[in-house]
Amino acid sequence: MTILITAGPTREAIDPVRYLSNRSSGKMGYALAEAAAERGHRVILISGPTMLAVPDGIDYVPVETADDMYRAVGKWIGDCEIAIFAAAVADYRMAEVAGQKIKKKGETLTLELVRTPDILASARKDFSYQGLLVGFAAETENLENNARGKLERKGCDLVVANDVSRRDIGFNSSENEVLLVFPDRSELLPMASKEHLGHVLVERIVAMAKPSCSSCSSC
Ligand code: PMT
């Protein structure tokens, strides 16, 4: 199968030397990409800036901003039977990026921000994507309810929810513990390395896609 994976943070410029971003390391998304490639799938990894080595045998599409990621997903998602959105996309960017480094002036500084595109929600709406759609949810409270809301609003078949209020899992850790939120039930996958979870998740997700996959020759 052909699997699109988004990973890592996005960076939204404030001025030529500063940006808005978040603590995503890309480890979870890259572990999924590596697991999928090792299982013989074609992987298109659309990644924000990370310190990680690009896994062998994948098609790597580096991006910086949410707008870049939106365009890259729009370009590639039509080729894919499965799309997994593990990136931590900035929800806001500067209304206008300053042309020069912003100088220190008053005691406070107010930045005007505008919404970025919700790329996961655009999969069905803007790109008419019909394949299996998997989102992630990074939550600090009401994990299951918030994840279920995202599943319904964004047209997902599965949302992989992680509690990012915990220091031992989620952002920039080597391990994760996730709640799989399906339309009709939820299931906890206990804490494990992101590499191990990558394999478990890919196996589960590919099995979900198989009944509706008629176009590929590899399954
Ligand atoms: O990268 P690591 O350090 O390994 O950490 C992994 C992780 C915590 C980043 C990952 O497991 C994770 O939870 N990724 C999603 C983070 C996130 O931004 O969650 P969210 O609840 O804000 O977004 C929900 C979903 O919508 C996600 O699939 C996200 O990719 C997508 N989204 C969000 C905003 C936006 N503008 N476009 C999107 O596509």
Taking 0.36 nm per residue of separation between Asp67 and Thr108 and subtracting their Cα-Cα distance, the length gained on full extension comes to 11.9 nm
What FRET efficiency comes out for the pair Glu195/Val54, r = Cβ-Cβ distance, R0 = 25 Å, nearest 0.05? 0.95
Reachable lysines from Lys150, criterion Cα separation under 21 angstrom, eight or more residues apart if same chain: Lys125
To the nearest 10 degrees, how steeply does helix 194-209 sit against the main Cα axis of the chain, on a 0 to 90 scale? 60
Amide H contacts under 5 Å for Leu113, restricted to residues at least 5 apart in sequence or on another chain and with H modeled in the peptide plane, are Ala95
Residue by residue through segment 185-192, which ³J(HN,Hα) values in whole Hz follow from phi under the Karplus form 6.51 cos²θ - 1.76 cosθ + 1.60 (θ = phi - 60°), with glycine and proline marked x? 5, 9, 8, 8, 9, x, 4, 7
Connecting every pair of Cα atoms under 10 Å apart in the chain and solving the GNM, the largest mean-square fluctuation among Phe182, Phe171, Phe136 falls on Phe182
Provide the net charge surrounding Ala72, with neighbours chosen by a C-beta distance below 14 Å and charges set as Lys +1, Arg +1, Asp -1, Glu -1. -4
The helix 66-76 Cα axis meets the longest alpha-carbon principal axis of the chain at an angle in degrees, between 0 and 90 and rounded to 10, of 30
Taking GluC sites (Glu not before Pro) in a DSSP loop with at most 11 other Cβ atoms within 10 angstrom as exposed, one finds the longest site-free stretch of the chain at 1-95
In segment 129-181, which trypsin sites (Lys or Arg not before Pro) fall in coil by DSSP and have 10 or fewer other Cβ atoms within 10 Å? Arg167
Could you work out how far helix 27-38 tilts from the main Cα principal axis of the chain, as a 0 to 90 degree angle to the nearest 10? 30
Tell me which residues come under 5 Å, amide H to amide H, from Tyr19 once H is placed; ignore anything under 5 positions away on its chain. Ile14
Given a 10 angstrom Cα cut-off, can you work out which residue in Ile58, Ile46, Ile119 is the most mobile in a GNM of the chain? Ile58
If the viscosity is 0.890 mPa s and the temperature 25 °C, what translational diffusion coefficient in µm²/s does Stokes-Einstein give for the chain when Rh comes from Kirkwood over Cα pairs? 137
Within segment 137-163, list the residues whose amide N lies under 17 Å from a label point set 7 Å along Cα→Cβ of Arg204. 137-139, 143-152, 156-163
Fewest first, what order do Arg11, Arg115 take by the number of other Cβ atoms within 10 Å? Arg115, Arg11
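Any read-out appearing in this document is the output of simple, stated calculations on the displayed coordinates, not a laboratory observation. Since this is a predicted model, take the numbers as computed values, not measurements. Using ideal geometry, Cβ is built from the backbone for each residue, glycine included, and neighbour counts are taken over all protein chains shown.
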